[in-house]
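Visitor: Please see the structure below; I have some questions.
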Amino acid sequence: MVSSCSTEKKEIINLSNNYTAIVEIPAGTNKKFEYNYSTKTFEIETKNGVERTINYLPYPGNYGFISNTYMDPEIGGDGDALDVLIISESIQQGKKVEINPVAILRLLDRGQEDHKVIATLKNSKINFSKDSLPSSMKTIIKTWFCNYKGPNKMEFIVWGDKKDAIDEIEKWAVNK
């Protein structure tokens, strides 16, 4: 990981004492975008020179990453920021939002751990508990992530609760 010469300490919790996330892919879309840290732009992912489009249902929430996290490969991470699925209406790509982690979906992607924090917007009016997901939502989200790359590409491990999600965020926090 390239580190900055800046002495500014980056935190996973902002000044309002909330977790923040950046939206890479708005809910309801099928194009696979990723943030390029070098160019500071969102770029459509390509595979073998072809733009990657999810050949399944559109994203069931806003997909992005938790600010100021890094999943270090030396300790089991995938070399990216920690993924998040934000359950809300579609949010514009690039928007930084305050979130409330409510669960974590633990998956294997080609044998490597690939965890997804599930969150709501901090002041969400969505009608379910702020500290858990209903089983019907878990079924939808699990089904989507287990199939969006094609059959048998992803493997479900287990669901975790709010505490597990927060522990995962803290584990990968930059400048703890």
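Visitor: Touching a strand residue (DSSP E or B) at 6+ places or on another chain (Cβ under 8 Å), modelled with pLDDT under 95 and hydrophobic (A, V, I, L, M, F, W, C): does that describe LEU82?
Guide: Considered against the rule, which asks whether it is touching a strand residue (DSSP E or B) at 6+ places or on another chain (Cβ under 8 Å), modelled with pLDDT under 95 and hydrophobic (A, V, I, L, M, F, W, C), LEU82 comes out as no.
Visitor: If you take the residues of the range 40-70 that are touching a helix residue (DSSP H, G or I) at 6+ places or on another chain (Cβ under 9 Å) and among the hydroxyl-bearing types (Ser, Thr, Tyr), which of them is nearest to PRO26 (Cα to Cα)? Steps first, please.
Guide: Of the residues in the range 40-70, the ones touching a helix residue (DSSP H, G or I) at 6+ places or on another chain (Cβ under 9 Å) are 56-57, 59-61, 66, 69.
Remaining after also requiring among the hydroxyl-bearing types (Ser, Thr, Tyr): 56, 59, 69.
Details: TYR56: 15, TYR59: 8, THR69: 20 Å.
Restricting to residues being touching a helix residue (DSSP H, G or I) at 6+ places or on another chain (Cβ under 9 Å) and among the hydroxyl-bearing types (Ser, Thr, Tyr), the top hit is TYR59.
Visitor: Still on this structure, I have one more. Could you tell me which numbered condition ILE87 fails, if it satisfies all but one of (1) buried (at least 17 other Cβ atoms within 10 Å of the Cβ); (2) over 19 Å from TRP172 (Cα atoms); (3) out of contact with any Ser or Thr (no Cβ under 8 Å at 6 or more places or on another chain)?
Guide: Going through (1) buried (at least 17 other Cβ atoms within 10 Å of the Cβ); (2) over 19 Å from TRP172 (Cα atoms); (3) out of contact with any Ser or Thr (no Cβ under 8 Å at 6 or more places or on another chain) one by one, ILE87 breaks only (3).
Visitor: Right, here's the next one. Does ILE141 satisfy the criteria of being touching a strand residue (DSSP E or B) at 6+ places or on another chain (Cβ under 9 Å), closer than 21 Å to ILE22 by Cα and part of a strand (DSSP E or B)?
Guide: So ILE141 fails the test.
Visitor: Which of the residues belonging to the range 144-175 are over 16 Å from MET71 (Cβ atoms), assigned to a loop (DSSP other than H, G, I, E, B) and touching a residue at least 40 places away in the same chain (Cβ under 8 Å)?
Guide: TYR148, LYS149, GLY150, LYS153, ASP161 - these are the residues of the range 144-175 that are over 16 Å from MET71 (Cβ atoms), assigned to a loop (DSSP other than H, G, I, E, B) and touching a residue at least 40 places away in the same chain (Cβ under 8 Å).
The values are calculated or read from the model by the stated rules, or taken from the named source; none is laboratory data. This one's a predicted model, so the numbers in the text were calculated from it and none came from an experiment. Backbone-built Cβ (ideal geometry, glycine too); neighbour counts: all protein chains shown.
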